[in-house]
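One structure is given here, and the rest of the page talks about it.
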Amino acid sequence: MHGTRAGEVHRMIVEGHDYLEARRLDNEAKYHLSMYDHYDWHQDTGEIVFSSGEAKVVASIQMVGDVSNRSRTWLWAWANDTVDDPLKKAAITVERRAVPIQSGSIKGGPYLTLPSSSCERAAG
């Protein structure tokens with residue numbers, strides 16, 4: 001990968017991580033999610049449930065993708081047959097918007113349209 005392209009991809013990943021971390025902190029402040037013993041997500045209902053015995057916080061979810069520590073790869077939800085279609089609407093939107101501009105005019109290039117790619121697991 002060309003050095004400039006690699007820098008653009010890295011910047012995009014960092015910006016995405018920072019955005020999600022800010023949302024996590026907002027949700028922690030508002031709902032105190034870390035005080036619950038565990039969480040479960042359910043494909044059949046499209047919900048994540050935080051609880052300590054009984055359900056306390058229930059929210060809708062979307063799956064974006066998954067990191068495999070074994071293969072050191074990222075797999076988009078839109079390419080994952082184990083994720084039900086209603087849970088990958090957001091990931092499908094990313095993929096569809098990226099297809100017309102995958103020629104390189106978008107920062108990140110083909111990474112938004114490749115079903116999987118090599119990666120390192122991020123801390124946190």
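Values quoted throughout were computed directly from the atomic coordinates according to the rules given, and no laboratory measurement underlies them. Note that the structure is a prediction, hence the values are computed from the model and not measured. Virtual Cβ from ideal backbone geometry, glycine too; neighbours counted across all protein chains shown.
Cross-link partners for K56 among the aspartates and glutamates, with Cα-Cα distance under 15 Å and sequence neighbours closer than 8 places in the same chain left out: E28, D37, D40, E47. Sparse packing (at most 16 other Cβ atoms within 10 Å of the Cβ) combined with a DSSP loop state is found for the following chymotrypsin sites (Phe, Trp or Tyr not before Pro) in the stretch 1-84: Y36. What FRET efficiency, computed as 1/(1 + (r/R0)^6) with R0 = 22 Å and r the Cβ-Cβ distance, is obtained for R23 and S68, rounded to the nearest 0.05? So the FRET efficiency works out to roughly 0.40. Once backbone amide H atoms are built at 1.01 Å from N, C119 has T73, W74 as its partners under 5 Å, excluding neighbours fewer than 5 places away on the same chain.
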